[in-house]
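Asker: Got a structure for you, written out below as structure tokens; questions coming shortly.
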Amino acid sequence: MSLLDYFRITKTSSASLAKERLQILVAHERSSRHQPSYLPQLQKELLEVIKKYVNVDQESISFNFEQDETQETLELNIVLPDHPAKNL
Amino acid sequence: MARIIVVTSGKGGVGKTTTSAAIAMGLAKRGHKTAVIDFDVGLRNLDLIMGCERRVVYDFINVINGEASLNQALIRDKHCDQLYILPASQTRDKDALTQEGVGKVLEELSKDFQYVVCDSPAGIERGAHLAMYFADDAFVVTNPEVSSVRDSDRMLGLLSSKSRRAERNEEPIKEYLLLSRYAPDRVKLGDMLSVDDVQDILSLHLLGVIPESKSVLTASNSGVPVILDEKSDAGQAYGDIVARYLGEDRPHRFIDEKKGLFAKLFGG
């Protein structure tokens, strides 16, 4: 510990912020890199079908695609609202 | 058979051409017959960094189109007789590069050379794609800065999926990290991503750290690859990188701050 250390400002450094942002971004971009190319279209069409029957907005639906050595999983998660049914 | 090295980054201005010139010179200086090719069709600059801009007669596209032979187009370096430069075309556009044409030129070079260094243009378009397509090794030049790190990761994705080795299910391209424009004092202050930070994100084998250095501009001003400036920190860093690439075990340098007299007195 030197004399100078006492005068150094201690705040969250911009480098650690950069690292955090990059780790999140890179993980996200890597996972989407291995997705099948039809996925965005499938996602869009599924959403249209669901919206036809249930009152949900974009935020209540999440898609998750996972891949390991033996299998690929497409997970579709819908949070149903209190009054889900549309009057058809 | 030549070993084909691509110097790539995705992002522009991180030091690809400086690195291509330096490592090609480094390999040639150690006695390996080396060719360095500029893939930046339309915006050639390697000739300028190598100091042979006034000796360009034919270029890469002329060779691909059969308008000149490879021997006519290759420029022998004036500092090292083991080094040859194949400049890019300044007048044509990037569509003049074809996969078949590039493949043929590389195949012909492979017969006679030990290393072929491909200086990739920025971006992920045709020139960048073809620069890495035939590669055996990739030098990923990255600055400790968010956009450069992100683009490098994108290039790693392309290297593992869009190269000839990937398409043929061969052993993947060997990828190395070259961290350039590094400023240890800024890292210490927490203003710059550290070597460890970048490695945590990219998980690449570190070939070397090139410090931010005035000597890089001086070298490009005079058209002499910075590796020949053996007194400079950047020159020494590239010297280490070439040695490590060839299998020598050299400890990493230029990662920690240089201590000035003031800091020494105060034990900083």
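Asker: State all residues of region B:245-260 that are of a type outside the set (D, E, K, R) and surrounded by fewer than 18 Cβ atoms within 10 Å (Cβ to Cβ); if no residue qualifies, say none. Lay out the reasoning, then the answer.
Answerer: The first filter runs over region B:245-260 and keeps only residues of a type outside the set (D, E, K, R), leaving B:245-247, B:251-252, B:254-255, B:260.
Those that are of a type outside the set (D, E, K, R) and surrounded by fewer than 18 Cβ atoms within 10 Å (Cβ to Cβ): B:Leu246, B:Gly247, B:Pro251, B:His252, B:Ile255, B:Gly260.
Asker: Given region B:31-130, what helices (runs of 4 or more DSSP H) lie entirely inside it while holding 1 or more residues that are under 19 Å from the mean Cα position of the chain (by Cα)?
Answerer: B:46-50, B:60-64, B:99-112
Asker: Right, something else. Specify which of the listed residues (B:Gly123, B:Gly157) is at pLDDT below 95 and in contact with a Lys or Arg (Cβ under 8 Å, 6 or more places away or on another chain). I'd like the intermediate steps shown before the answer.
Answerer: Details: B:Gly123 fails: in contact with a Lys or Arg (Cβ under 8 Å, 6 or more places away or on another chain).
The match here is B:Gly157.
Asker: I'm checking my understanding of the structure. Among residues of region B:162-215 that are within 14 Å of another protein chain (Cβ to nearest Cβ), part of a loop (DSSP other than H, G, I, E, B) and in contact with a Ser or Thr (Cβ under 7 Å, 6 or more places away or on another chain), which one is most open to solvent (accessible area, probe 1.4 Å)?
Answerer: Per the stated criteria, the residue is B:Asp191.
Asker: Quick one: which of B:Asp93, B:Asp112, B:Asp119 is in contact with a Gly (Cβ under 6 Å, 6 or more places away or on another chain) and either closer than 28 Å to B:Arg54 by Cβ or surrounded by 18 or more Cβ atoms within 10 Å (Cβ to Cβ) (or both)?
Answerer: B:Asp93
Asker: Taking A:Ile61 as meeting all but one of (1) surrounded by 15 or more Cβ atoms within 10 Å (Cβ to Cβ); (2) within 20 Å of B:Ser161 (Cα to Cα), write down the number of the exception.
Answerer: Here A:Ile61 clears every test but (2).
Asker: Still on this structure, I have one more. Would you call B:Val140 open to solvent by less than 10 Å² (accessible area, probe 1.4 Å), β-branched (Val, Ile, Thr) and within 14 Å of chain A (Cβ to nearest Cβ)?
Answerer: yes
Asker: Pick from B:Val242, B:Val226: which is in contact with a Ser or Thr (Cβ under 7 Å, 6 or more places away or on another chain), open to solvent by less than 60 Å² (accessible area, probe 1.4 Å) and at pLDDT 95 or above?
Answerer: Values: B:Val242 fails: in contact with a Ser or Thr (Cβ under 7 Å, 6 or more places away or on another chain).
Result: B:Val226 is the single residue among B:Val242, B:Val226 that is in contact with a Ser or Thr (Cβ under 7 Å, 6 or more places away or on another chain), open to solvent by less than 60 Å² (accessible area, probe 1.4 Å) and at pLDDT 95 or above.
Asker: Please name all residue pairs, on different chains or six or more residues apart, with Cβ atoms under 7 Å, provided the first residue is in region B:166-181 and is at pLDDT below 95 and the second residue is open to solvent by 80 Å² or more (accessible area, probe 1.4 Å).
Answerer: Close Cβ pairs (under 7 Å, with a partner that is open to solvent by 80 Å² or more (accessible area, probe 1.4 Å)) amount to B:Ala166/B:Pro172.
Asker: Still on this structure, I have one more. Mind listing whichever residues of region A:34-58 are of a type outside the set (Asp, Glu), more than 14 Å from the chain's Cα centre (by Cα) and open to solvent by 50 Å² or more (accessible area, probe 1.4 Å)?
Answerer: A:His34, A:Ser37, A:Tyr38, A:Gln41, A:Leu42, A:Lys44, A:Leu46, A:Val49, A:Lys51, A:Lys52, A:Tyr53, A:Asn55 - these are the residues of region A:34-58 that are of a type outside the set (Asp, Glu), more than 14 Å from the chain's Cα centre (by Cα) and open to solvent by 50 Å² or more (accessible area, probe 1.4 Å).
Asker: If you check A:Ser16, A:Ser31, which single one turns out to be among the hydroxyl-bearing types (Ser, Thr, Tyr), surrounded by 11 or more Cβ atoms within 10 Å (Cβ to Cβ), part of a helix (DSSP H, G or I) and modelled with pLDDT of 85 or more?
Answerer: On the way: A:Ser31 fails: modelled with pLDDT of 85 or more.
Within the list A:Ser16, A:Ser31, the selection yields A:Ser16.
Asker: Additional query: Quick check: is even one residue across region B:14-28 open to solvent by 40 Å² or more (accessible area, probe 1.4 Å), of a type outside the set (Gly, Ala, Ser) and within 25 Å of B:Tyr182 (Cβ to Cβ)? Write out each step before concluding.
Answerer: Of all residues in region B:14-28, those open to solvent by 40 Å² or more (accessible area, probe 1.4 Å) come to none.
Among the residues of region B:14-28, not one is open to solvent by 40 Å² or more (accessible area, probe 1.4 Å), of a type outside the set (Gly, Ala, Ser) and within 25 Å of B:Tyr182 (Cβ to Cβ), which makes the answer no.
Asker: Given the conditions (1) modelled with pLDDT of 95 or more; (2) open to solvent by 60 Å² or more (accessible area, probe 1.4 Å); (3) within 18 Å of B:Gly223 (Cβ to Cβ), report the number of the one that B:Ile75 does not fulfil.
Answerer: The number of the failed condition is (2).
The values are calculated or read from the model by the stated rules, or taken from the named source; none is laboratory data. Quick caveat: nothing in here was measured; it's all calculated off a predicted structure. Note that each Cβ is placed from the backbone with ideal geometry, even for glycine, and that neighbours are counted across all protein chains shown. Side chains included, ligands, DNA and RNA excluded: accessible areas come from the protein's heavy atoms. Shrake-Rupley method; radii C 1.70, N 1.55, O 1.52, S 1.80 Å.
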